[in-house]
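Bear in mind these aren't lab numbers, they're just calculated from the coordinates by the rules spelled out. None of these values were measured; they are calculated from a predicted model. Neighbour counts run over all protein chains shown; Cβ positions are idealised from the backbone, glycine included.
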Amino acid sequence: MRPEIIKEKILDIDFSRLGEEPTDEQIWEENDGSAHFKVTRHQLNRGISECFTMISLSVSGASEDRIRIQNEFTTAMGRQPDVLDTFERENYSVDFFIWRVDS
């Protein structure tokens, strides 16, 4: 997926609150190849007048497609994620990525 499409789609997602179940308008969810991904966008306060945006991505499916999607999002975001982790089970894995974007 092209970086400009990823950026556009991220900006189309409504902000969601951490700790609350996101609504359909607050999630970008898609199948891409043999992987499935979800993206949410959160705005967090860092003080009285400062805030930042957090973009979260979770990807499940075949390893090669999970890696490809991570690389596409990293290219679109312009840098490596601030946080990454993998949840592994016997039959599947889910990769989690978070980018912090100053607002």
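Give, in nm to one decimal, the length gained when the segment between residue 5 and residue 52 is fully stretched (0.36 nm per residue of separation minus the Cα-Cα distance).
Working it through step by step, the gained length comes to 14.7 nm.
So how do 11-18, 33-40 stack up, highest first, on mean other-Cβ count within 10 Å?
33-40, 11-18
How high is the relative contact order of the chain, in percent, counting Cα pairs under 8 Å that sit 6 or more residues apart?
The normalised contact order for the chain reaches 25 percent.
To the nearest 20 debye, what charge dipole does the chain have about its Cα centre, counting +1 at the Cβ of each Lys and Arg and -1 at the Cβ of each Asp and Glu?
340 debye
Could you give the length gained on full extension between residue 68 and residue 89, defined as 0.36 nm per residue of separation minus the Cα-Cα distance, in nm?
5.5 nm
Just checking my list (i) 0.97; (ii) 1.32; (iii) 1.04 against Rg/Rh (Cα atoms, Kirkwood Rh) computed from this structure; which label fits?
(i)
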